[in-house]
Amino acid sequence: MSMLLTYPPGYSTGPLQEDLTKTDKDEIKRMVKAELKKMVEDEVAKSINSKDIKDDIGDITKKVLKKLYKDLSFHHPYIIDRIKI
């Protein structure tokens, strides 16, 4: 005994047969944009809170300050003399 499954009239088993309207496309874009923004914000928040990133940011900041100080002292020594302590 076999059972034969039939679909209602007008039912298609293939991909959607209708075209998306501009409104549908805009709604999909908004949903994707919101979801991507949320995902990126979550990943950035996780990354910034990690110990490795904090150490890297500290190292980069130190290098920048050293280069800035060195550049100021060699090329503009009068700027350092004007700093009041």
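Just so you know, all these numbers are worked out from the coordinates, no wet-lab data involved. These numbers were taken from a predicted model, which means no experiment stands behind them. Cβ sites come from the backbone with ideal geometry, for glycine too, and all protein chains shown count toward neighbours.
Once you list every other residue whose beta carbon is under 15 Å from the beta carbon of residue 70, what net charge do they have if Lys and Arg are +1 and Asp and Glu are -1?
Result for the neighbourhood of residue 70: +3.
Taking 0.36 nm per residue of sequence separation and subtracting the Cα-Cα distance, how much length would be gained by fully extending the chain between residue 83 and residue 33, in nm to one decimal?
Going from the current span to full extension adds 13.1 nm.
Around residue 32, under 12 Å between beta carbons, what's the net of Lys plus Arg minus Asp minus Glu among the other residues?
+3
Could you name the lysines whose alpha carbon sits less than 23 Å from that of residue 84, not counting residues in the same chain fewer than 8 places away?
Candidates past the 8-residue exclusion: 62, 66, 67, 70.
Round to the nearest 0.05 the FRET efficiency obtained for residue 49 and residue 25 when R0 = 30 Å and r is the Cβ-Cβ distance.
About 0.25, to the nearest 0.05.
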